[in-house]
Amino acid sequence: MTRIIAGAAGSLTLTVPDAGTRPTSDRVRESLFGALDSADRLRAAAVLDLYAGSGALGLEAASRGAASADLVEKSPRAASVVERNARAVARAVPSAVIRVHRAAVDAYLRTASATYDLVFVDPPYDLDDAALGTALELLAARLRPDALVIVERATRSGPPTLPPGLEPVRDKRYGDTTLWWIAPSEE
């Protein structure tokens, strides 16, 4: 069972797609959002959740005070689940603007005009490094100067290859999952 951990929609149960996704565990989300809260990264933030799956990361951010959350998911089944979850969270957090985009990540990033304060990149574990690198390269142009990007991958995959314009901030391992914190370079 996946749920919103805290905020206006706290304890709301989220539906999870029956196949093809790997939801971020409650333990990892709790730790991640505790760190984001303490760094004051959520209040009024424009959030982007790429490879949204169930939408749990972007919707948790909306529950905790983000101004907007754009959730991008190309799988038709998963996108339907994200839309259902987004409607439920929107009822609990009417002040947040929550949009679901049924699109491939690269296609969305090539056509998007918005910029973001906080981005979650939680691709399928089998997404190869080149594809992730392309997504990060496209994403760099969509980031505000003080933005933060969180990439979640299997620990065995190693750190993502970062394009020019992005630099690592830190990483945190949770068993077979690692979160890499990335920010725009000050070049």
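Derivation of every value follows stated rules applied to the coordinates shown; laboratory data play no part. Worth saying up front: this structure is predicted, and the values here are computed from it rather than measured. Counting neighbours? That spans all protein chains shown, and the Cβs are built from the backbone with ideal geometry, glycine included.
Placing pseudo-labels 7 Å out from each Cα toward the beta carbon at Arg110 and Arg173 gives an inter-label distance of 3.7 nm.
Taking other residues whose beta carbon is less than 15 angstrom from the beta carbon of Ser68, and scoring Lys, Arg as +1 and Asp, Glu as -1, yields +2.
Taking the longest Cα principal axis of the chain as reference, the axis of helix 129-140 is set at about 80 degrees. Solvent-free Debye calculation, one equal scatterer per alpha-carbon of the chain: log10 I(q)/I(0) at 0.11, 0.16 Å⁻¹ equals -0.41, -0.93. Put simply, the amide H of Tyr116, placed in the peptide plane, has neighbours under 5 Å in Leu143, Arg144, leaving out anything fewer than 5 places away on its chain.
May I ask you to compute the full-extension gain from Ser38 to Ala154, defined as 0.36 nm times their residue separation minus their alpha-carbon distance, rounded to one decimal in nm? Walk me through the numbers before you get to the answer.
On the way: separation 116, 0.36 × 116 = 41.76 nm, distance 2.53 nm.
Gain on stretching Ser38 to Ala154: 39.2 nm.
Spatial offset of the range 54-83 relative to the range 152-172 amounts to 22 Å, using the alpha carbon center of each.
For the pair Glu30 and Arg99, the difference between a 0.36 nm per residue extended length and the Cα-Cα distance amounts to 22.5 nm.
The H on the amide N of Val97, modeled in the peptide plane, is under 5 Å from the matching H of Ser68, Ala69, each at least 5 residues off or on a different chain. The label point for Leu127 and the one for Thr161, both projected 7 Å from the Cα toward the Cβ, are 1.6 nm apart.
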